Amino acid sequence: TPASSFADITSLYEDRFGYLWIGTMGQGIFRMNIQSGRFEKLTGDSSLNRASILSIACQQDILWIAGLEGVSKYRILKGENDHASLEVIDEEETDRFGKNYIYTIFITSIKI
């Protein structure tokens, strides 16, 4: 197997559909069907293609991804099947975090 087919895995997250989200260093994000072992690289947002992912968190179908490029928020489309995709949502909200390194995401609900 060529060396280019390997990826440094930096984060893992299992979603409510039983898929494993795999963050990598410099190669973006992948999603694996835990039952079949089938996986694919998520594309659609060019900023994810070569991103370095440090943390993944999810609430229902909202996926938060953090890394060396800052924080991004996505809606998971077709999450129940092997061909899911991501749709960028609320860019204005995620832009306020800037393009800082974010090491960990923790989702909570706080009422003010």
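Overview of values
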quantity: Cβ-defined net charge surrounding Glu40, 11 Å radius [Lys, Arg +1; Asp, Glu -1]; calculated: +2
quantity: Förster radius 30 Å - calculated FRET efficiency between Gln35 and Leu68 (Cβ-Cβ, nearest 0.05); calculated: 0.40
quantity: Within the accessible area of the stretch 1-80 (1.4 Å probe), percent carbon and sulfur; calculated: 50 percent
quantity: Val88 versus Met25: modelled label distance in nm, points set 7 Å from Cα along the beta carbon direction; calculated: 2.6 nm
quantity: Highest average packing first - 6-19, 55-68, Cβ atoms within 10 Å; calculated: 55-68, 6-19
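The values are calculated or read from the model by the stated rules, or taken from the named source; none is laboratory data. Owing to the predicted nature of the structure, the values given are computational and were not obtained by experimental measurement. For neighbour counting, all protein chains shown are included, and Cβ atoms are generated from backbone atoms with ideal geometry for every residue, glycine included. Surface accessibility is based on the protein's heavy atoms, side chains included, excluding ligands, DNA and RNA. Shrake-Rupley method; radii C 1.70, N 1.55, O 1.52, S 1.80 Å.
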